[in-house]
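Working notes, structure below.
Quick note: the coordinates plus some simple rules give every number you see, no bench work behind them. Just so you know, these numbers come straight off a predicted model, no measurement behind them. Using ideal geometry, Cβ is built from the backbone for each residue, glycine included, and neighbour counts are taken over all protein chains shown.
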C-alpha cells in the first residue's frame, strides 16, 4: 500500500514535523507582520492547518484514527471562528472604514 | 518517481505558497494563495492515505471558509491602495521572532524520542470513511454532538452581529 511505502521511502515523521513547524511559523510571522485584520484571520487558519497536518501525520504514523478525528473537530471550530470573526470585522469596518488592526484598540481606555 | 521526491516537491510548494499568503500585498491574492496552500496540504493528506480528511479539507477550507473570506474582502472592497502600511521595524521584529521560534521548536524536536511507526495490515484503512465514522460515532460521539451546539452558537452570533447593525442604520 501507499502508506507503508511512504515511511519506507525515506520520508520520516521528522520531515512532517519540520514542515508543520515551518507552516506554523509562517502563520506566526504573518500575525506579527501584517496589519490587515482579515489577513490576520487567514494566518490563524494557516496555523490551524499546520497543526492539522502534524496530527494527520502522527495519526498515520501510529496507525490510529484519533488524530484524524481531532482534525475534524479543529475544522469545526475553525469554521465557527471564521464566521464570527469575519462578522465582527465587517461591523468594525462599518464603524471605522478600515481593517487596520491598530485602530481596533478602542477597548483599551 | 518515488514518494520522497513527491513529498519534497509538495512540501516546498506548500511553504512557498504559504509565504506568498503573508508577503503578497494584494488581499485577494493572499486569499487565492491560501486556497492553493490548502489544496497542497490536501495533497499531503492523500500522500498519507488520509482520504476523508483530504476531501473534507478541500470542501470545508478551500470551499467554504475561503469563499467566505473572499466574499468579505470583496464586500469591503479592499485593494492595494487601502492596505494598511507597516513599519520596517515591525518587519524585522516579526522576522526575528518567527525565526527564533522556528529554531527553538526544531532544536527541541531534535531531542524528541519517537515511538516506532505502527504499520500493519490495518493501517491503510485508518483514514478511510468507514473506519473514521465508526470511531466518530462510538468513541467521540459526545464531542460530535457538542460541536453541533458550537455551530448553532456561531450561527446565532453571526446573525445577531449582522442584525444589530441594521437597526442602528434605520
Quiz item: Within the stretch B:98-118, is even one residue surrounded by 15 or more Cβ atoms within 10 Å (Cβ to Cβ), in contact with a helix residue (DSSP H, G or I) (Cβ under 8 Å, 6 or more places away or on another chain) and farther than 28 Å from residue A:20 by Cβ?
Solution: no
Quiz prompt | Count of residues meeting criterion [more than 7 Å from every other protein chain (Cβ to nearest Cβ) and in contact (Cβ under 8 Å) with a residue 24 or more places away in the chain] in the stretch A:53-76 | solution = 3
Quiz item: Is at least one residue of the stretch B:52-72 part of a helix (DSSP H, G or I), at the interface with another protein chain (Cβ under 7 Å from one of its Cβ atoms) and under 16 Å from residue A:22 (Cα atoms)?
Solution: no
Self-check item: Matching residues, the stretch A:61-71, being crowded, with 23+ Cβ neighbours inside 10 Å and over 13 Å from residue B:131 (Cα atoms)
Solution: A:61, A:71
Quiz item: Which number in (1) over 17 Å from residue B:49 (Cβ atoms); (2) more than 10 Å from every other protein chain (Cβ to nearest Cβ) marks the one condition that residue B:153 misses?
Solution: (2)
Practice problem: Mind telling me which of the residues B:20, B:48 ends up being in contact with a helix residue (DSSP H, G or I) (Cβ under 8 Å, 6 or more places away or on another chain), surrounded by fewer than 21 Cβ atoms within 10 Å (Cβ to Cβ) and either touching a residue at least 60 places away in the same chain (Cβ under 8 Å) or more than 7 Å from every other protein chain (Cβ to nearest Cβ) (or both)? | Solution: B:20
Exercise. Could you please let me know if residue B:39 is without any contact (Cβ under 8 Å) to a residue 24 or more places away in the chain, within 7 Å of chain A (Cβ to nearest Cβ), surrounded by 15 or more Cβ atoms within 10 Å (Cβ to Cβ) and closer than 30 Å to residue B:5 by Cα?
Key: no
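For the subset of the stretch B:25-36 comprising residues that are more than 9 Å from chain A (Cβ to nearest Cβ) and under 22 Å from residue B:86 (Cβ atoms), which member is surrounded by the fewest Cβ atoms within 10 Å (Cβ to Cβ)?
Here is the first cut: in the stretch B:25-36, the residues more than 9 Å from chain A (Cβ to nearest Cβ) are B:25-26, B:28-29, B:32-33, B:35-36.
From what's left, under 22 Å from residue B:86 (Cβ atoms): B:25-26, B:28-29, B:32-33.
Working: B:25: 10, B:26: 14, B:28: 15, B:29: 13, B:32: 17, B:33: 21.
Of everything passing the filter in the stretch B:25-36, B:25 is surrounded by the fewest Cβ atoms within 10 Å (Cβ to Cβ).
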